[in-house]
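Step one of this worksheet: look at the structure below.
The values are calculated or read from the model by the stated rules, or taken from the named source; none is laboratory data. Just so it is clear, the model here is predicted, and its values are computed rather than measured. Glycine also receives a Cβ, built like all others from the backbone with ideal geometry; neighbour counts cover every protein chain displayed.
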Ligand SMILES: [Fe+2]
Ligand SMILES: [Fe+2]
């Protein structure tokens, strides 16, 4: 088989013998990993998948039945911008780097490895979901997300192999050796070590955690290291689908819940096999808060350094006025002696918080869509995002207790009210009890509404997965 058939790419792999050898060597390990720890079951089924075969719009339109282990994981960079210069930090307006600058090698490697590690981690977390899919449409979407996370791993490994020599090859091996949730060799970031065993959590993950991914990628898309900027730009086009799965998935659950609320004489949707709005709110509180942690500390010298060096910018840096960010500050409530005190933090040290702000706004838009659905059913309830201080494990609010409104509170009261705000064991048991597979074409589980349209113009009854 020709190389471009095995590894479709727009990085002239055929002309780079060294890179070719490194990737060809890595590919069997990747496939071994996929078969061992990728989606459980369905590996022999034909899945109606979208494959990227080029970066133009027609390359994107490629849909066909593919067995997942035969998916063509490719390497694509967004087209180069001729004469691109660095857009921020101390190196602003220098020509963007085509190679890794020696003095930033370790910082860049850490950035790339941290991003890379989340990609296989999420495949591992989601591996058991296929068994309980609420419809064939959803089953197909799960696998689309999974193969694309696999491709994101390829995208990052390309950077490691292509630009970090032997160290990079070792990091690429290590990416296949760590395991989500393994006590001895866990994935790097906390949120990527919890299994995702129910579909409500899957939609929450793709809504909130994949959206963290979007903002990390937007910040890296500004990088002065041009191959990283171009790689992440293309990844963003795939990430959009993952968030679509999450946002519309939750919207469909909300819709079904509202329908059932109108049917249940006393409004008890659980008696009709639905997920009550109060439980949905608790899942939102949980997944939103663990995803906020992924942005890192509110006051961060690492973030300042990444920005100063021109390695990681802000989302849509071009729209910012001052690309040096040396003079500004960011005002935030900082815990001090049990109270919150407003403090001015030098802007560069607050870059994680700046990125978190953009992320929060984006989530808010999604929540408003869900609330529109609730309002359309004439139901007096609104979902909301909790305060950014609620339930945090990382940053200045970690280890402290806050209400979902962000008010400091004592341990005793928090413990007493915890189950009002976060999913309790009985809530989780209930949600898990609903997870019965429904995978005949056109059918759908009772706790979720059907999608408003199918994939690539196909109807809901389409056979999105040809079960083997
Ligand atoms: Fe990804
Ligand atoms: Fe994703």
Within the range 361-383, is even one residue modelled with pLDDT of 95 or more and assigned to a strand (DSSP E or B)? no
Within the range 402-448, tally of residues that are over 12 Å from residue 279 (Cβ atoms) and part of a loop (DSSP other than H, G, I, E, B): 20
Tally up the residues in the range 246-275 that are farther than 17 Å from residue 372 by Cα and surrounded by fewer than 21 Cβ atoms within 10 Å (Cβ to Cβ), please. 10
Can we say residue 204 is away from ligand 1 (no atom under 13 Å from the Cβ), in contact with a strand residue (DSSP E or B) (Cβ under 9 Å, 6 or more places away or on another chain) and at pLDDT 95 or above? no
Would you say residue 91 is more than 18 Å from residue 172 (Cβ to Cβ), within 14 Å of ligand 2 (Cβ to nearest atom) and touching a residue at least 60 places away in the same chain (Cβ under 8 Å)? no
Six or more apart or on different chains, Cβ under 8 Å: which pairs go from a residue in the range 110-139 that's over 19 Å from residue 467 (Cβ atoms) and modelled with pLDDT under 95 to one that's within 12 Å of ligand 1 (Cβ to nearest atom) and not in a loop (DSSP other than H, G, I, E, B)? Could you list them? none
Odd one out for residue 207 among (1) touching a residue at least 40 places away in the same chain (Cβ under 8 Å); (2) not in a helix (DSSP H, G or I): (2)
All but one of (1) out of contact with any helix residue (DSSP H, G or I) (no Cβ under 8 Å at 6 or more places or on another chain); (2) touching a residue at least 12 places away in the same chain (Cβ under 8 Å); (3) outside any helix (DSSP H, G or I) hold for residue 399, so report the exception by its number. (2)
Positions within the range 112-154 being surrounded by 22 or more Cβ atoms within 10 Å (Cβ to Cβ), outside any helix (DSSP H, G or I) and more than 16 Å from ligand 1 (Cβ to nearest atom), in sequence order: 133, 134, 135
Report, by residue number, each residue of the range 210-224 that is near ligand 1 (Cβ under 10 Å from one of its atoms) and within 8 Å of the chain's Cα centre (by Cα). 210, 213, 214
Out of the residues in the range 282-332 that are in contact with a strand residue (DSSP E or B) (Cβ under 7 Å, 6 or more places away or on another chain) and in a loop (DSSP other than H, G, I, E, B), state the one that is surrounded by the fewest Cβ atoms within 10 Å (Cβ to Cβ). 299
For residue 160, state whether it is within 14 Å of ligand 2 (Cβ to nearest atom), crowded, with 21+ Cβ neighbours inside 10 Å and not in a loop (DSSP other than H, G, I, E, B). no
Out of the range 222-242, which residues are surrounded by 21 or more Cβ atoms within 10 Å (Cβ to Cβ) and within 16 Å of ligand 2 (Cβ to nearest atom)? 231, 232, 234, 235, 238, 239, 242
Can you name the residue in the range 1-18 that is in contact with a helix residue (DSSP H, G or I) (Cβ under 6 Å, 6 or more places away or on another chain) and surrounded by fewer than 19 Cβ atoms within 10 Å (Cβ to Cβ) and is also modelled with the highest pLDDT among such residues? 14
For the range 69-84, check the following and say yes or no: at least one residue is out of contact with any helix residue (DSSP H, G or I) (no Cβ under 8 Å at 6 or more places or on another chain), in contact (Cβ under 8 Å) with a residue 12 or more places away in the chain and part of a helix (DSSP H, G or I). no
Just a yes or no: is a residue in the range 333-347 part of a helix (DSSP H, G or I) and either touching a residue at least 12 places away in the same chain (Cβ under 8 Å) or at positive phi (or both)? yes
Residue tally, condition part of a helix (DSSP H, G or I) and either more than 23 Å from the chain's Cα centre (by Cα) or farther than 25 Å from residue 180 by Cα (or both), over the range 1-51: 21
Take residue 256 and decide whether it is within 29 Å of residue 31 (Cβ to Cβ) and either out of contact with any strand residue (DSSP E or B) (no Cβ under 9 Å at 6 or more places or on another chain) or within 16 Å of ligand 2 (Cβ to nearest atom) (or both). no
